[in-house]
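Just below is one structure, and these are the notes that go with it.
Every read-out reported here was derived from the displayed coordinates using simple, explicitly stated rules and does not represent laboratory data. The model shown is predicted, which means the values in this text are computed figures rather than measured ones. Because the Cβ atoms are built from the backbone with ideal geometry, glycine has one as well, and the counts that use them run over all protein chains shown.
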Amino acid sequence: MVAVDVLNGCEAFGNMLAGLDPEVYSGTDCAEVVELLARAEKRSAGARLLFAARAAECRAYKERGYSSPATWLARTSGVSAGEAKSSLDTAVHLAECPETREALLAGEISLVQANEIAR
């Protein structure tokens, strides 16, 4: 089972975001939130990619009724199968590029940027 703190943290973050109303914040505050969320989004995408790659490696997609990891990831992430496959390929390249992997997980670069760098 996934660590309880990971599950609880993700759920708490999602609930907090769902309860936000941008109308009650100043423009400056909203700009700061956008910058922080962009970084969090990049970090989340990186973590999702690494967990997806491990799930694919372990063939967990089959337990969920999918014939391929790309199909599973596409359905789960709401992207095309081609984009999901490209993401999974990026994960393989990241294993050979630890600095790029670190930058992605730190939210310094996006998944698209990581893919370009790693290739």
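Table for the structure above
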read-out	value
Modelled FRET efficiency - R0 25 Å, residue 34 with residue 12, Cβ distances, 0.05 increments	0.75
Pair residue 102, residue 76: separation of 7 Å Cα→Cβ label points (nm)	2.7 nm
Mean Cβ count within 10 Å, highest first, over the residues of peptides 26-33, 66-73, 37-44	66-73, 37-44, 26-33
Degrees, to the nearest 10: 4-18 long Cα axis against longest axis of the chain	50 degrees
